[in-house]
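Can you read through this structure? Questions will come right after.
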Amino acid sequence: MAQPHRLTVATRSYDGRERRHAHRFHQIVLPVAGSLEMAVDAEQGRVGDGQGVIVADGTPHSFLARGSNRFVVLDLPPHALLPDAALRQADAFFAVDAALDSLIRYLASEAADAPLDDPTAHHAAALLLRALERRRAPSPDGAAGDPIARAQALMRARCGEALSVVDLAHAVGLSPSQFHERFRARAGTTPARFLNDLRLDRAEALLRSGDLPPAEVALAVGFSDQSALTRSLKRRRGVTPGALRGR
């Protein structure tokens, strides 16, 4: 399995050999010329002819190119959140409309000779992810159409990961400032504090169960180490990991 790395946006071509693997980063493959036959888990499809693909981290997939080909490929580290709608979509493959195709061709031109530099790559990735979010999002109904409710669901599901406010904002299609303002108005607290409280709730439950030592609990719920967990528990809850385990 390939190792995680930094975010990259590049153009790539593939030879005619079939390969099968998985990697510890998300990947989005967008067509410029030619096609790529792919199987993502049990789903068969083709990148090309107006269709792209999202491969979430850890997903086994195979691919085979035929003839000359060229693609824009985004590799995103696992801590970078893909749009929630993209990850929840049943199909890995998605349609590329005329507007998205124009963006792809611009990026293909910019990255023709070398991968995009870091600032440009992050900007390009944000544009593409938001475009995919809009195209693949479910119909606005209840939480599915509510970016703050979706952000809270993401935080509950993935609070043990290295989430940032910027990641969450991009995942639900808002700018960081819009996200912070709307989240605070809705939840009565900041996104960072909401996430921290989720982590502390889970830490307390794990510590009381006694199944894991405090150092492992800290890592399991998203803190950098036991000291960071201890400081946060004492500041926010007035208790220490040792006292919780004693209970």
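The values are calculated or read from the model by the stated rules, or taken from the named source; none is laboratory data. Bear in mind that the values here come from a model prediction, so they are computed numbers and not experimental data. Cβ coordinates were reconstructed from backbone atoms using ideal geometry, including for glycine residues, and neighbour counts include every protein chain displayed.
Just the residues that are outside any helix (DSSP H, G or I) and modelled with pLDDT of 90 or more, please, taken from the range 230-247. If you could, list the steps in order and put the result at the bottom.
First pass over the range 230-247, keeping only residues outside any helix (DSSP H, G or I): 238-240, 247.
Correct list: GLY238, VAL239, THR240.
Output the residue which, of all residues in the range 126-139 that are buried (at least 17 other Cβ atoms within 10 Å of the Cβ) and not basic (Lys, Arg), is modelled with the highest pLDDT.
LEU128
Let me ask you something else. Could you list all residues from the range 206-247 that are closer than 15 Å to GLU161 by Cβ and buried (at least 18 other Cβ atoms within 10 Å of the Cβ)?
ALA218, VAL221, GLY222, PHE223
Grab the strands (runs of 3 or more DSSP E) fully contained in the range 37-81, keeping just those with 1 or more residues being of a type in the set (D, E, K, R) and out of contact with any Ser or Thr (no Cβ under 8 Å at 6 or more places or on another chain). Steps first, answer last, please.
Details: elements: 43-47, 51-55, 61-76.
The qualifying strands (runs of 3 or more DSSP E) are 43-47.
For ALA114, all conditions in the list (1) at pLDDT 90 or above; (2) assigned to a helix (DSSP H, G or I) hold save one; what is the number of the exception?
(2)
Going by what's in this entry, would GLU161 be described as within 28 Å of HIS123 (Cβ to Cβ), of a type outside the set (Val, Ile, Thr) and in contact with a His (Cβ under 7 Å, 6 or more places away or on another chain)?
Numbers: within 28 Å of HIS123 (Cβ to Cβ): yes; of a type outside the set (Val, Ile, Thr): yes; in contact with a His (Cβ under 7 Å, 6 or more places away or on another chain): yes.
Yes.
Can you say whether GLY173 is over 19 Å from the mean Cα position of the chain (by Cα) and at positive phi, as far as the supplied structure shows? So that I can check it myself, show each step before the final result.
Values: over 19 Å from the mean Cα position of the chain (by Cα): no; at positive phi: yes.
So GLY173 does not fit the description; no.
Can you go through ALA185, ALA203 and tell me which one is of a type in the set (A, V, I, L, M) and surrounded by fewer than 14 Cβ atoms within 10 Å (Cβ to Cβ)? Step through it out loud before you land on a result.
On the way: ALA203 fails: surrounded by fewer than 14 Cβ atoms within 10 Å (Cβ to Cβ).
On inspection, the qualifying residue turns out to be ALA185.
Any chance the range 217-233 includes a residue that's closer than 30 Å to LEU132 by Cβ and in contact (Cβ under 8 Å) with a residue 24 or more places away in the chain?
Restricting attention to the range 217-233, the residues satisfying the condition of being closer than 30 Å to LEU132 by Cβ are 221-222.
Okay, now just the ones that are also in contact (Cβ under 8 Å) with a residue 24 or more places away in the chain, so 221-222.
Yes: one or more hits.
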